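> Quick one: this structure, given as C-alpha cells, is what I'll be asking you about.
The values are calculated or read from the model by the stated rules, or taken from the named source; none is laboratory data. Because the structure is predicted, anything quoted here is derived from the model rather than measured. Note: ideal-geometry Cβ built from the backbone for every residue, glycine included; neighbour counts use all protein chains shown. For accessibility, only protein heavy atoms count, side chains too; no ligands or nucleic acids. Shrake-Rupley method; radii C 1.70, N 1.55, O 1.52, S 1.80 Å.
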Amino acid sequence: MTSEIILAGFGGQGILFAGKVLAYCGLTASKELSWLPSYGPEMRGGTANCSVCISDQPIGSPLVLEPDFLIAMNIPSYDKFIGTVKPGGKAFIDSTLIDEKTERTDIEAFYVPATQLSADNNLNGMANIILLGKLIKETGLFDMELIRKGLEKCIPPKKANLIESNIKAIETGFNY
Amino acid sequence: MERNLMKGNEALAEAAIRAGCKCFFGYPITPQTELAAYMAKRMAKAGGVFLQAESEIAAINMVLGASSTGVRAMTSSSSPGVSLKAEGVSYMAGSDLPGVIINVQRGGPGLGGIQPSQADYWQATRAMGHGDFHILVFAPSSVQEMVDMVIKAFDLADEFRMPAMILADGLLGQMMEPVSFPEITAKTIEKPWATNGHKNARKHNIVNSLYLQAPDLQRTVQERFERYEKIKQTHTEAESYLTEDAEIIVTAYGATARVAKSAVNAAREAGLKVGMVRPKTLWPFPVRELNEGCKNAKAVLCVEMSMGQMIDDVKLALNCSLPVHFFGRTGGVIPTPNDVLAEIQKIGGAL
C-alpha cells in the first residue's frame, strides 16, 4: 500500500518540517519513502508545499499530484489542492486560518483549529504538528512509539528539548 | 546497513567525501546549492578543502589544477553554470585529467528556470566543450544511485584519466530518500603523471593540452579515442525491467525513469506487454543492453524532460530496426505517469 501526502501552507508554518517528521517515521518503520519540497518562487514569501510518499514498494514519481491525504494551512493552498485529493481521501484543514468548507462529499474533511489550539496549549508555532497528530489518528499511519522515534531522528540533538513539545502537539491534534 | 534520510544533493556530497574527494570548488546555483553547503560544513573536518570560487569558470579551473597534482577533486553546478565550465572540462579532457563534475539540471536555455529538466543531455554526451573528446556520464535515478555513481565516477575517472559527470536533475537533487553508505575501500590508483612534489627524485611531469604540431595532436586524440572504444565495450550500464515478453519498450533515464516505471506498472495492470530499459550510463550509451531489452519489441517510446535528446542515441543504438516514438515535457514541467501511460496506450492501440 502507498500513502501519498501533500502538506501545504505559508513559508514559516513548518510545512516542510511536518513532512520531514512523516518521512522520518517512515524511515523508522523501514518503509520505502520519498520527500520532495517545492523549491520554486512560491517558497520565497508565498506558499510552500511538500510531497511525501510512504509505501511498502519502491517509490515511482516522488511528485504527488493526487494525494490520499492533504494538510492545508492557508487559503491559497486549500484552494489549490482540495480538488486534487483522491476520492475516498482525507483532508486536514487549519480552520483557524481557513474559514471555507469543501463541497466535496467524496472525501472526508477534518476541520481542526490548529493555530488556535497551539496558542491555547502553549504550543506556539506548532499548528503544523497538531494537524499531523490529527492525520495520524485518522489514518493510522504510525503509532505513538514510532512517532517518538521518528521525532528523535528528525530533531537535531542540539534542539532535543523540543521533542517533548512536539509530542504534546501530536497528542493535542490526536485527541481533538 | 543503516538507512539515512538525505537530500540527493547532500548524498552526492557525502559520497564524494567518502570516495576520497579532497578538493571541492563550487559556486552557488539553484537547485544544487545544498551540495556546496554540505561540503562547506563537512569538508574541512574530513581533511579536505572547500572553496567557494568567484565564478563557475574559476571553480572548474581549480578542479583542473587540483587534479593535476593527483588528488581527487570535484565541482558542482546546475545547467547555466555547467555551460560556463565547458572550457575547463575541454582543457581537462585535453590534459587527460580525471575529475568529477555534477550537473543538477534545470530548465534552459539561457537562465531558463529552476525546475527539474533533462535538457543538457546533448551537452553532456556530445559537446561538453570544444574539440574531439568524451567524458563519462552517469545518470542516477534515486538518491542511493547518486551515492553509488559518485563513487564509481571517481574510480573510473582516475582509471581512464578523463572527466566524469553525474547528470542529475532538480527533482533528484531536492528530494529526500533513504540512503545507505557502503563501506568504501577507496581505490588507490597510481598517478605517475601527477605534478606533485618529488624533491628531484624523478623527471618533472608536465600536464598540458597544447600541441602545436598537428601530427602530434592527431596522435594524442587518436590514442584517447582508442581508450574510449575500450570503455564502450566494458563500461555501459542499464536497468532492464519486465523486458522479457515486452512488445513496447519505454526508455527513460534519471527522474523521468521513475515516472516511466510507474506508467509501465500501470500498463502491465491493464494487460499491455510493456517493459523498460533505463540507461545508467549515458556515455558510453548502453547499446547492447537496449538491443537486448528490445529483442521482442515492436515499438519503443523514449520519455524525457526535454524536447527529445536521448532519443538520438536510442535511434542510433537500434539502427532503424524499430519505430521510436517520443514523449517529453520541457522547461521544468515534470511528466506524469498518466501522461506516459496514455502514450503507451496510443502506441499499443496501433500495433
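> Taking only DSSP H segments of four or more residues, each worth -39500 (n - 2.57), what value at 222 nm results for chain B once the sum is divided by all its residues, to the nearest 500 deg cm²/dmol? Kindly include the intermediate steps, with their values, before the conclusion.
Values: 13 runs with 145 residues, N = 351.
Only helices count here, giving -12500 deg cm²/dmol.
> Residues of region B:155-195 losing 10 Å² or more of accessible surface, assembly versus chain alone, probe 1.4 Å, please list them.
Hits at the 10 Å² cut-off: B:Leu171, B:Gln174, B:Met175, B:Met176, B:Glu177, B:Pro178.
> Starting from region B:1-56, pick out the trypsin sites (Lys or Arg not before Pro) whose DSSP state is loop and whose Cβ has at most 16 other Cβ atoms within 10 Å. Let's see the in-between values first.
Details: sites: B:Arg3, B:Lys7, B:Arg18, B:Lys22, B:Lys41, B:Arg42, B:Lys45; in loops: B:Arg3, B:Lys45.
Taking region B:1-56 and a limit of 16 other Cβ atoms within 10 Å, the loop trypsin sites (Lys or Arg not before Pro) found are B:Arg3, B:Lys45.
> Taking the solvent-accessible surface of protein heavy atoms with a 1.4 Å probe, what is the per residue accessible area of region B:33-112 in Å²? Please list the in-between numbers first.
On the way: 2720 Å² over 80 residues.
Ligands and nucleic acids excluded, the figure is 34 Å² per residue.
> Given springs between every Cα pair under 10 Å in a Gaussian network model of chain B, which of B:Gly173, B:Gly107, B:Gly197 has the largest fluctuation?
Maximum among the listed residues: B:Gly197.
> On to the next question. DSSP loop GluC sites (Glu not before Pro) in region B:90-187 with at most 12 other Cβ atoms within 10 Å of their Cβ, which ones?
B:Glu183
> How big is the dipole moment of region B:154-224 about its Cα centre under a simple scheme where the beta carbon of each Lys and Arg is +1, that of each Asp and Glu is -1, and everything else is neutral? Debye, nearest 20, please.
Numbers: 8 positive and 9 negative charges, 124 e Å.
My answer is approximately 600 debye.
> Across chain A, where is the longest run that never hits trypsin sites (Lys or Arg not before Pro) in a DSSP loop with at most 15 other C-beta atoms within 10 Å?
In short, A:105-176.
> Amide H to amide H under 5 Å from B:Met6: which residues, 5+ apart in sequence or cross-chain, H placed 1.01 Å off N in plane?
Amide H to amide H, under 5 Å and 5 or more residues apart or across chains, B:Met6 pairs with B:Glu177, B:Val179.
> Show B:Phe326, A:Phe10, B:Phe285 ordered by accessible area, largest first, where the area counts protein heavy atoms only and the probe is 1.4 Å.
Reading off the accessible areas and sorting them downward yields A:Phe10, B:Phe326, B:Phe285.
> Got a number for carbon plus sulfur as a percent of region B:60-200's accessible area, 1.4 Å probe?
Within region B:60-200, the accessible surface is 55 percent carbon and sulfur.
> Per residue of region B:227-234, in order, report the coupling 6.51 cos²θ - 1.76 cosθ + 1.60 (Karplus, θ = phi - 60°) as ³J(HN,Hα) in whole Hz, putting x for Gly and Pro.
In residue order, the calculated couplings are 5, 4, 4, 4, 5, 4, 6, 10 Hz.
> Sequence gap at least 6, Cα distance under 8 Å: using those rules, report the relative contact order of chain A to the nearest whole percent.
22
> Moving on to the next point. Ballpark to the nearest 100 Å², how much total accessible area do B and A bury together, probe 1.4 Å?
1700
> Something else about it: Using θ = phi - 60° and the Karplus form 6.51 cos²θ - 1.76 cosθ + 1.60, what ³J(HN,Hα) does each residue of region B:62-69 get, whole Hz, x for Gly and Pro?
5, 4, 4, x, 5, 5, 5, 8
> Taking the alpha-carbon distance from B:Lys232 and a cut-off under 13 Å, which aspartates and glutamates remain once sequence neighbours fewer than 8 residues away in the same chain are dropped?
By straight Cα distance, B:Lys232 reaches B:Glu289.
> What's the magnitude of the charge dipole for chain A around its Cα centre, counting Lys and Arg as +1 and Asp and Glu as -1 at the beta-carbon? Answer in Debye, nearest 20.
560
> Quick one: go through region B:148-166 and flag any residue whose amide nitrogen is under 20 Å from the point 7 Å out along the Cα-to-Cβ line of B:Glu190.
Backbone N within reach: B:155-162.
> Give the lysines whose C-alpha is closer than 18 Å to that of B:Lys203, dropping any in the same chain fewer than 8 places away, or say none.
The reachable lysines, counting only those whose Cα sits under 18 Å from B:Lys203, are B:Lys191.
> While we're on this one: About its Cα centre, what dipole magnitude does chain B give when the only charges are +1 on Lys and Arg Cβ and -1 on Asp and Glu Cβ, stated in debye to the nearest 20?
600
> Quick one: what are the phi-derived ³J(HN,Hα) couplings along region B:95-107, Karplus 6.51/-1.76/1.60 with θ = phi - 60°, whole Hz, x for glycine and proline?
3J(HN,Hα) across region B:95-107, in whole Hz: 9, 6, 9, x, x, 10, 10, 9, 10, 8, 5, 10, x.
> Per-residue mean of other chain beta-carbon atoms within 10 angstrom of the beta-carbon, peptide B:254-262? Please report the intermediate quantities before stating the final value.
Values: counts 0, 3, 1, 2, 7, 4, 2, 4, 3.
Shielding by partners across B:254-262 averages 3.
> Run the accessible area of chain A with a 1.4 Å probe and give the carbon-and-sulfur part as a rounded percent.
Summing carbon and sulfur atoms, their accessible area is 52 percent of the total for chain A.
> Between B:Glu247 and B:Gln52, how high is the FRET efficiency from 1/(1 + (r/R0)^6) when r is the Cβ-Cβ distance and R₀ = 60 Å? Nearest 0.05. Don't skip to the end; give the middle numbers.
Numbers: r = 52 Å, r/R0 = 0.86.
With a Förster radius of 60 Å, E is 0.70.
> Still on this structure, I have one more. Ratio of Rg to Rh for region B:7-137, alpha carbon only, Kirkwood?
Result for region B:7-137 is an Rg/Rh of 0.94.
> Still on this model: Loop only by DSSP, 15 or fewer other Cβ within 10 Å of the Cβ. Give me the GluC sites (Glu not before Pro) in region B:1-44 that pass, ordered by residue number.
B:Glu2
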